[in-house]
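First the structure, in the form of C-alpha cells, and then the observations on it.
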Amino acid sequence: MKHETVTLKRSLKLWQIVLMGIGYMTPMVVFDTFGIASDMTNGHVPTSYIIALVGMLLTAVSYKKMIQVFPNAGSAYTYTQKTINPHLGFLVGWSALMDYLFLPMVNALIFQIYLSSIFPSVPSWIWVVSFVIIVTLLNLRSVNFTANFNTFLVVFQMTILVLFVAVSIKALLGGMGEGTLFSMKPFFNQNMTSSGLIAGATLMCFSYLGFDAVAMLSEETPNPKKTIPQAIFLVALIGGVMFTVTSYFIQAVFPTLEGFKHPDAAAPEIAMYVSGTLFQIVFLAGGIAGTLSSGMSSHASVSRLLYVMGRDRILPQSFFGYVHPKLRTPSRNIVLVGVVSATAIFFSLATATSFINFGALIAFSFVNISVIAHYAVHQKQHRSAKGFWSYIIMPLLGAAAIGVLWLNLERNSFLLGIGWAIAGLVYLVYATKGFRRQLSSIEFKETEEMSPLMKVGEKQG
C-alpha cells in the first residue's frame, strides 16, 4: 500500500501572516518598555524607535531576497544551510531555537504577572499552566484558526492603542505634558546624545522581534515567494509606525519620569494618569491579549522550525517531522513546545528574557551573510553596480546594524547563548560522528505554483 506524505496546508493569506507577525511583536510592549527607554534616551523614545526601524528594515530586505530563493519554513536555518554550510546551518537553527522556545515562556510569565495582580490569592503556577494549555490547544487547531484568533487579539490591542492616542490628544490639548499636539521635543532637542539614542535603539530593536518569524509560515501560504517577503516588510514597517506614533504621544504627555512610582514598569501608571481607573482596567485587558497573541505566534513559529529540522532528519524525523493528517499542523512539536513552556513556573521573568536575544541576533546576522554568500559568492551577481549595491552593500549595512546590537548585548544573554550553542555543537558532533558524514537533507524543488509533493498534501486536505 502506497503511503502518501502529509504536508502543511497552504491556506494563509497576506493579511493573516502580517497580523501573526504583529501579534508576535506585541503592540502593547511599547508601554512596558517606555520607562526604561525614556531614561536611556533622555526623553527621546520615538527617535530610538525610528533608528531601530531602519536597522530592522535593512535585515527585512535580506529576508526578502532569501525567501525568493528558498521559500521554505526554516528561515535563517534553511538559508545558512543551503548557502554556506549544512553544519553551520544547524548551529544557526539551534541558536534560533533558544529564542523561539523561550519567548512562549516569557509570555506565560507576563500573563502570570498580570493575573496575579488581579487575583493575588491564586497560586502563580496556575496562571502559567493555564496559559500554556490555552496556547497549545489553540495552536493544535488548523493554522487558519490560529491566525484568525490571533487577528482578534491584535485588533483588540490596536483598538486600545487608538483609544490611548485619543485620550492623549485630549490631555495634551488640556495642557498636560508638552501642552501642545505637535512638538519636536520627543524627537529632537539639545539634551539628546548619540550614545543614549543608540542604547535606546538597542532596547527598541527587541520590540521588533517577530517580524522575521513569519518566514516560518512559508509552507502554509500558496505563493510564499511573493507573500512572505511582503509580509516581513509590512510587519516591520507597520510595527515601526505603530511604536513610533504611540511612543510620541506617551513622551509628549510624560516628558520626564517624575511622578512615576515604578518607572521600570510604568504601563499601569501611564494608563491611570492619562484616563483613570476604568481605562487602566481596559489597558490591563489589552496587556493580557498581547501575551496571548505573542504566545500563539511564537508557539506556532518554533513548532514549524522543529518540523523543518525533523523533516531534514537533523532531529529525529518520526517525531519532529510529523504532521497531523487531519489538522495539517506539526502537532507533536506543538505539544512539546507546550511542555517546555510549562517549565516557566521554575524561572523568573528576568532569567527567561535573558535567553531570547542571543538567538535572534544569530538569525539576523546570518540572514544578511547568506545574501552575500548566495548572490555574490555563488551566483556572481555582484559584478554590476546594481548587484554590488543589492547583494554586498545592503546586507553589509544590515549586518552592521545587527553588529551594534551585538556590542550592546547583555553579558548574561551572551553567556547563556554561548552555553546553548556549545550544547548544539556537542549534538552536531555526535550526529555527524565527528563531522565524518554530512547531515542528511531532503531537497524540495518547487515550481512557480506548487511541487508535486505539496499537491499530494493539498488533496489530502
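Each Lys and Arg contributes +1 and each Asp and Glu -1, all at the Cβ; summed about the Cα centre of the chain, the dipole is approximately 1640 debye. Shape class for segment 174-218, computed from the alpha carbon gyration tensor (a ≥ b ≥ c): oblate, with a/c not under 1.5 and a/b at or below b/c.
Count Lys and Arg as plus one, Asp and Glu as minus one, and take only other residues whose Cβ is under 14 Å from that of Gly387; the net charge is then +4. The apolar share of the surface of segment 317-365, taken as the fraction of accessible area on carbon and sulfur atoms (1.4 Å probe, ligands and nucleic acids excluded), comes to 71 percent. Working ranking of peptides 392-401, 363-372 by packing, defined as the average number of other Cβ atoms within 10 Å per residue, highest first, is 363-372, 392-401. A simple rule links phi to the HN-Hα coupling: the Karplus curve 6.51 cos²θ - 1.76 cosθ + 1.60 with θ = phi - 60°, which for segment 402-413 gives 5, x, 4, 5, 4, 5, 9, 5, 4, 4, 5, 4 Hz, with x for Gly and Pro.
Mind ranking 244-253, 154-163 by how tightly packed they are, going by the mean number of other C-beta atoms within 10 angstrom, highest first?
Those peptides, ordered most packed to least, come out 244-253, 154-163.
Since only Asn107, Val429, Leu361 are under comparison, the one whose Cα sits farthest along the positive direction of the charge dipole of the chain, derived from C-beta charges on Lys, Arg, Asp and Glu, is Val429. For segment 1-101, just say rounded, prolate or oblate: build the C-alpha gyration tensor, square-root its eigenvalues into a ≥ b ≥ c, call rounded for a/c under 1.5, and beyond that prolate if a/b exceeds b/c, oblate if not. Because a/c hits 1.5 or more and a/b exceeds b/c, segment 1-101 counts as prolate. With θ taken as phi - 60° and the Karplus curve 6.51 cos²θ - 1.76 cosθ + 1.60 applied, the whole-hertz 3J(HN,Hα) list for segment 296-309 is 5, 5, 5, 4, 5, 5, 5, 5, 6, 5, 4, 4, 5, 5 Hz, x standing for glycine and proline.
Taking the Cβ-Cβ separation of Ser11 and Leu409 as r and a Förster radius of 45 Å, what is the calculated FRET efficiency to the nearest 0.05? Taking R0 as 45 Å, the efficiency between Ser11 and Leu409 is 0.75. Working ranking of peptides 85-95, 292-302, 127-137 by packing, defined as the average number of other Cβ atoms within 10 Å per residue, highest first, is 292-302, 85-95, 127-137.
Projecting label points 7 angstrom from Cα along Cα→Cβ for Leu396 and Asn144 puts them 4.7 nm apart.
Please give the Cα centre distance for segment 412-434 versus segment 198-275, rounded to the nearest Å. With segment 412-434 and segment 198-275 each reduced to a Cα centre, they are spaced 31 Å. Here segment 166-241 is assigned +1 on the Cβ of each Lys and Arg and -1 on the Cβ of each Asp and Glu. Its dipole about the Cα centre then comes out at about 220 debye. In the chain, helical runs assigned H by DSSP with n ≥ 4 each contribute -39500 (n - 2.57); averaged across all residues and rounded to the nearest 500, the mean residue ellipticity at 222 nm is -22500 deg cm²/dmol. Spin-label pair Val429-Phe346: with each label point 7 Å from Cα along the Cα-Cβ axis, the two points sit 2.5 nm from one another.
The values are calculated or read from the model by the stated rules, or taken from the named source; none is laboratory data. These numbers were taken from a predicted model, which means no experiment stands behind them. All Cβ positions, glycine included, derive from the backbone under ideal geometry; neighbour counts span all protein chains shown. Just the protein is used for accessible areas: all its heavy atoms, side chains included, with ligands, DNA and RNA removed. Shrake-Rupley method; radii C 1.70, N 1.55, O 1.52, S 1.80 Å.
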